[in-house]
Amino acid sequence: QVQVAESGGGLVQPGGSLRLSCTASGSIFSISVMGWYRQAPGKQRELVATVTRGGSKNYVDSVKGRFTISTDNAWNAVYLQMDSLEPEDAAVYYCNARHFNGISWGQGTQVTVSS
């Protein structure tokens, strides 16, 4: 099995930056894709960014040029660098790992963007 846990959320002013971290444990070798999703109040959870073991990265249009997804060399952590944050980016951010046995989700970390 695979477990993931997020950290790094918080309060930031518009235009500011935050870096989210997600640590994976368990059968890390079985992970093929890691990603970040977010869910704002009253809205559906949406994909923010994903990265594959092959290095392919995908971003939702609204964060392109502002957010960067990356992993460490051991592929046991995935990061989301968020720059030029906007109030619309406020949400609970979830880490996601796709692996041989399915999909694992973290508990989420709150990101608040407000002056």
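Contact map, region 51-69: residues that are under 20 Å from Glu6 (Cβ atoms) paired with residues that are open to solvent by 70 Å² or more (accessible area, probe 1.4 Å), Cβ distance under 6 Å, separation 6+ or inter-chain. Pairs shown: Val51/Lys57; Ile69/Lys57. Set side by side, the residues Arg38, Arg45 differ, and just one is open to solvent by less than 70 Å² (accessible area, probe 1.4 Å), touching a residue at least 40 places away in the same chain (Cβ under 8 Å) and either under 13 Å from the mean Cα position of the chain (by Cα) or under 23 Å from Ser115 (Cβ atoms) (or both), which is Arg38. Checked against (1) out of contact with any Leu (no Cβ under 7 Å at 6 or more places or on another chain); (2) farther than 17 Å from Leu11 by Cα, Asp89 meets all criteria but (2).
Please verify whether Ala24 is open to solvent by less than 40 Å² (accessible area, probe 1.4 Å) and touching a Gly at 6+ places or on another chain (Cβ under 7 Å), treating the condition exactly as stated. It is false that Ala24 is open to solvent by less than 40 Å² (accessible area, probe 1.4 Å) and touching a Gly at 6+ places or on another chain (Cβ under 7 Å).
Out of the residues in region 102-112 meeting the condition of being over 20 Å from Ser17 (Cβ atoms) and in contact (Cβ under 8 Å) with a residue 24 or more places away in the chain, tell me which one is most open to solvent (accessible area, probe 1.4 Å). First the steps, then the outcome.
Within region 102-112, the first condition is being over 20 Å from Ser17 (Cβ atoms), and the residues that meet it are 102-107.
The next check asks that each one be in contact (Cβ under 8 Å) with a residue 24 or more places away in the chain; those that pass are 104-107.
Values: Ser104: 12, Trp105: 101, Gly106: 8, Gln107: 165 Å².
Here the residue is Gln107.
Starting from residues that are of a type in the set (A, V, I, L, M), in contact with a Ser or Thr (Cβ under 8 Å, 6 or more places away or on another chain) and over 29 Å from Phe29 (Cβ atoms), keep the ones in region 48-93 and report whichever is most open to solvent (accessible area, probe 1.4 Å). The qualifying residue most open to solvent (accessible area, probe 1.4 Å) is Ala90. Which ones in region 1-20 are of a type in the set (D, E, K, R) and open to solvent by 60 Å² or more (accessible area, probe 1.4 Å)? Hit for region 1-20 is Arg19, nothing else. Considering only residues that are among the small types (Gly, Ala, Ser) and modelled with pLDDT of 95 or more, look in region 64-86 and name the one that is nearest to Val12 (Cα to Cα). Only one residue fits best here, namely Ser84. Here His99 meets each of (1) within 14 Å of the chain's Cα centre (by Cα); (2) under 22 Å from Gln1 (Cα atoms); (3) in contact (Cβ under 8 Å) with a residue 40 or more places away in the chain; (4) buried (at least 19 other Cβ atoms within 10 Å of the Cβ) with one exception, condition (1). Scanning region 76-115 for residues that are over 16 Å from Thr52 (Cβ atoms) and of a type in the set (Val, Ile, Thr) turns up Val92, Thr109, Val111, Thr112, Val113.
The values are calculated or read from the model by the stated rules, or taken from the named source; none is laboratory data. Computed from a predicted model, the values in this text were never measured in an experiment. Please note: Cβ atoms are built from the backbone with ideal geometry, for glycine as well, and neighbour counts cover all protein chains shown. Ligands, DNA and RNA are stripped out before the accessible areas are found, and what is left, the full protein with its side chains, is counted by its heavy atoms. Shrake-Rupley method; radii C 1.70, N 1.55, O 1.52, S 1.80 Å.
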